[in-house]
1. Give me the distance in nm between label points sitting 7 Å out from Cα along the Cα-to-Cβ direction at residue 405 and residue 367, one decimal.
2. Sorting 144, 234 on the 10 Å Cβ count, fewest up front, what's the list?
3. Remind me, relative contact order of segment 227-363 in percent, using alpha carbon pairs under 8 angstrom and six or more residues apart?
4. Between residue 278 and residue 306, how many nm apart are label points set 7 Å from Cα along the C-beta direction?
5. For segment 254-333, what is the largest minus smallest coordinate of the Cα atoms on each principal axis, given in angstrom and ordered from greatest to least?
6. Sketch the reach of a paramagnetic label on residue 43 as a point 7 Å from Cα along Cα-to-Cβ, and name the residues of segment 348-371 whose backbone nitrogen lies under 17 Å away.
7. How large is the Kirkwood hydrodynamic radius of segment 250-295, counting all unique pairs of alpha carbons, in Å?
8. Based on a Kirkwood Rh over C-alpha pairs, give the Stokes-Einstein translational diffusion coefficient of segment 1-188 at 37 °C and viscosity 0.692 mPa s in µm²/s.
């Protein structure tokens with residue numbers, strides 16, 4: 001765990017710096033444009049290029065030393081803050097510069113997570129995977145919380161230039177820890193054979209999806225997460241409007257802070273305790289808990305302390321899922337395929353976000369609010385309330401019910417329920433197993 005902990009610490013510090021920069025850029029855009037559309041465009045520029053890069057990134061990750069990929073990703077991502085700082089100091093920073101640099105950074109970041117997730121299984125023993133993944137989740141939570149807190153506290157003192165300079169300093173720390181890891185352990189060789197490296201790039205991109213598709217348990221779990229993420233994101237994107245419809249912004253800040261504490265606390269526990277015995281059951285149990293918490297938010301009438309408790313449970317549950325799920329995939333996926341498989345996982349998981357964001361608003365405006373004020377006013381409307389807040393609460397109730405349905409459907413196929421027992425771990429395959437045409441590893445019957 002020594003090399004892992006070294007790399008992890010550098011990445012955690014870098015995440016805080018990146019979150020501070022993201023916060024500062026958002027404030028700068030609002031200060032100079034006052035346009036929500038401009039901010040939404042920034043989010044799109046910071047996500048879509050990275051999503052489109054993921055299949056290509058998976059191939060590169062599997063071809064080379066994954067620490068080297070992470071190192072180049074850190075250096076490439078640092079180009080954005082460096083260019084923006086130079087332009088700002090020269091007095092020439094414009095809005096479109098932010099869009100371009102954020103888009104470029106998102107491309108480099110697309111290599112970061114799949115490379116790190118694949119590297120974990122090379123640095124950590126199987127029985128330590130959940131602890132390692134718990135620490136990765138804790139780093140993400142700490143970066144999210146402290147990045148926003150420090151960004152908000154320091155923006156008024158240092159301005160955007162100061163936050164960019166701090167971000168560059170954190171990238172330097174991450175780079176130094178990565179270089180130091182080479183002194184503690186010899187370079188990890190590429191996991192791909194010379195023959196595999198000569199395959200066409202498009203063919204290799206497809207191998208991650210082919211591996212998942214030929215294993216019904218993994219495919220079923222991936223489909224579950226597609227539905228799970230859609231329901232959760234569709235509801236949670238409306239949390240801020242729900243709170244702000246009847247409470248001041250300070251209430252929203254407290255609710256988000258309590259939720260973040262839940263995520264950090266549970267991630268910390270997961271990073272130092274033994275992993276759950278039944279990983280699939282744990283994932284489904286968290287989803288059931290989340291469905292009831294969504295129902296709780298929908299029936300809370302926007303009461304801040306109830307919302308805070310629910311968000312503590314939701315983000316704490318995310319910490320469990322974020323520690324358990326990578327462990328399961330790392331066990332079932334051969335190390336030589338993990339870059340491509342994990343890239344496909346992230347591509348499909350993140351793709352649900354834009355869909356949820358696009359659906360949530362119209363669903364509230366044209367379905368939830370009319371139902372809460374109209375035909376359901378004397379029934380469900382008494383639970384949700386009326387008006388805009390009632391319409392949003394109606395979407396939370398709907399999401400909670402649909403999430404329960406997703407869990408129930410997922411429990412039906414034996415391939416998912418019994419995946420841990422019936423789908424062998426990648427390191428348990430027979431040594432003489434032959435490579436299937438077009439795949440690095442033969443398909444395993446599900």
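Derivation of every value follows stated rules applied to the coordinates shown; laboratory data play no part. Values in this document were obtained by computation on a predicted structure and should not be read as measured data. Neighbour counts run over all protein chains shown; Cβ positions are idealised from the backbone, glycine included.
1. My value for the distance between the label points is 0.9 nm.
2. On the way: 144 19, 234 26.
With the fewest neighbours first, 144, 234 line up as 144, 234.
3. Computed over segment 227-363, the figure is 42 percent.
4. Reported label-point gap for residue 278 and residue 306 is 3.2 nm.
5. 44, 22, 17
6. 350-365
7. Values: mean 1/r = 0.0805 Å⁻¹.
Averaging 1/r across every pair of different Cα atoms and inverting gives 12.4 Å.
8. Values: Rh = 17.0 Å.
D, rounded to a whole number, is 193 µm²/s.
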